[in-house]
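Participant: One structure follows; several queries about it will come next.
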Amino acid sequence: MLKFQPVGFGQRVIDTPLGVMAYYTPTSPPWRTEADSTLPDQPPLVFLHSLGGGSSAFEWSKVYPALAPTHRVIAPDLIGWGQSAHPVRDYRAEDYLEVITLLLERVAQQPAFVVASSITAGLTVRLAIARPDLFRGLFLVSPSGNSDFGRNYRFSLPAALAGTPGLDRLVYSLGAANETAVTTFLSTFLFADADRITPDIVQAYLAGTQQPNAEYSALSTLKGDIAFDLSLYIGQLNTPTVFVWGEASRFSPPEFGQRLARLNPQAVRQVYEIPQAGVLPHLEHPAVVAGLLETFCDSL
């Protein structure tokens, strides 16, 4: 989805066992000039999008340009999403843990600040527990495993519909892969204020839903193949972390974030609540989120 990236960012790729993964990074290093070449390198900033219909690196594209002058920005389209490969398969949590690990090892190449949202943020917690050497800090928006505190998402109605052969493709084509469905989903579930949904947001998400074989990754998420209980993992985390929640998040309220943070106050240092924001505060209030992120990076 290169055309939806900010000016000055270009696409590169890395090979993974699941296919080629695209990522976006500045076409020239604005954080590094001849005049300041004696400054120490700043840790890379890696931005990971959520796993919902139409998701891609575009999700963070209104935030990461603000950090590009001081950090090496890396924003992938995860496998199955955006401009990356869309293998025909049932996706599992292990698939994303593997490709994120490769991205951090091969592209970041040093402990990174990792920014992630929703279930991808939950997966990043699990990876930081297993590979703390890859992380400098975690900045997580509404982290979840979709089956937290004993709730089994796989028994929900959306999971049942998405897991019914024949009906699953109909659910995707009518409920995700058209402009009306994308606009309705953004305004009903993701944004607190529909007036903040700009045409480029709609077109970026619509383009994501219409990639060949895009339904496989989306339906795997919707039917619960990637779901897990994040509350069982969070206590093992040692990486410095902050949570960010939209005040009007419809999938999980800020109180959920507070409850999760109380399981590990040593690692989770702060829970920020952004007023008049929904599930994607980084698209509704990008300047606010960028400011919080910059403060977090400067604190470590």
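Coordinate-derived values only; no laboratory data. Quantities reported herein were computed from a predicted structural model and do not represent experimental measurements. Cβ placement follows ideal geometry from the backbone for every residue including glycine, while neighbour counts extend to all protein chains displayed.
Participant: So, in nm, how far is label THR180 from label THR70 when the simple model puts each one 7 Å beyond its Cα toward the Cβ?
Facilitator: 4.7
Participant: Give, rounded to the nearest 20 debye, the magnitude of the charge dipole that the chain has about its Cα centre when Lys and Arg contribute +1 at Cβ and Asp and Glu contribute -1 at Cβ.
Facilitator: Around 340 debye, computed over the chain.
Participant: So for each of 171-181, 107-117 I average, over its residues, the number of other beta carbons within 10 Å; can you give me the resulting order with the highest mean first?
Facilitator: 107-117, 171-181
Participant: So what is the calculated 222 nm ellipticity per residue for the chain, using -39500 (n - 2.57) for each DSSP H run with n of 4 or more, over all residues, to the nearest 500 deg cm²/dmol?
Facilitator: -9000 deg cm²/dmol
Participant: Considering only PRO132, PRO17, PRO253, give the residue with the highest GNM mean-square fluctuation for the chain, with springs between Cα atoms whenever their separation is below 10 Å.
Facilitator: Top of the fluctuation ranking is PRO17.
Participant: If I model a spin label as a point 7 Å beyond the Cα along the Cα-Cβ vector, how far apart are those points for ASP298 and GLN11 in nm?
Facilitator: For ASP298 paired with GLN11, the spin-label model returns 3.5 nm.
Participant: Collect residues whose amide H, placed 1.01 Å from N in the peptide plane, falls under 5 Å from the amide H of ALA277; neighbours closer than 5 in sequence don't count.
Facilitator: GLU247, ALA248
Participant: For ASP193 and ALA287 in one chain, what is 0.36 nm times their gap in residues minus the Cα-Cα distance, to one decimal in nm?
Facilitator: Working: separation 94, 0.36 × 94 = 33.84 nm, distance 1.62 nm.
Extending this stretch completely gives an extra 32.2 nm.
Participant: Moving on. For a bin width of 10 Å, list the pair-distance distribution of segment 63-209 built from all Cα-Cα distances, rounded to whole %.
Facilitator: In whole percents, the pair-distance histogram is 9, 30, 39, 20, 2.
Participant: Using the crude model of +1 on Lys and Arg Cβ and -1 on Asp and Glu Cβ, and no other charge, please compute the dipole size for segment 174-248 relative to its Cα centre, in debye to 20.
Facilitator: Charge dipole, segment 174-248, about its Cα centre: 140 debye, nearest 20.
Participant: Springs between alpha-carbon pairs under 10 angstrom, Gaussian network model over the chain: which of LEU123, LEU232, LEU167 fluctuates most?
Facilitator: Greatest mean-square fluctuation among the candidates belongs to LEU167.
Participant: Let me ask something additional. Over the chain, how many percent of alpha carbon pairs lie in each 20 Å bin up to the one with the longest distance?
Facilitator: Answer for the chain: a P(r) of 36, 60, 4, 0 percent.
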